[in-house]
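S.K.: Below is one structure. I have some questions about it.
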Amino acid sequence: MKKTYYVDLASVRAEIARLGFKKKDLAEELGISFSSLSQKLNGKNQFSINELGNIASLTNKPIDYYIKCN
């Protein structure tokens, strides 16, 4: 059976909230618009690997903390 990997958006949102990041500031750090960040956090669009790596760096977590497999 083929494994599918995906970004655990709940973990991304939880870490952002836990650390007190404002979405506006996070969007700026990632170099994307607030609207684009909102769409990605709501699962309408996907984070690029670079964006996810930046989130991992900003939250001091390894990137695989946010990647799950089913």
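Read the figures in this text as sums done on the coordinates, not as results from a lab. Predicted, not measured: the structure shown is a model, and the values here were computed from it. Cβ coordinates were reconstructed from backbone atoms using ideal geometry, including for glycine residues, and neighbour counts include every protein chain displayed.
S.K.: On the given criteria, is Asp8 in contact with a Lys or Arg (Cβ under 7 Å, 6 or more places away or on another chain) and among the charged types (D, E, K, R)?
M.R.: The answer is yes for Asp8.
S.K.: Against the conditions (1) under 10 Å from the mean Cα position of the chain (by Cα); (2) without any contact (Cβ under 8 Å) to a residue 12 or more places away in the chain, where does Val12 fall short? Just the number, please.
M.R.: (2)
S.K.: Every residue in segment 33-45 that is within 19 Å of Tyr66 (Cα to Cα) and not hydroxyl-bearing (Ser, Thr, Tyr), please.
M.R.: Within segment 33-45, Leu37, Gln39, Lys40, Leu41, Asn42, Gly43, Lys44, Asn45 qualify.
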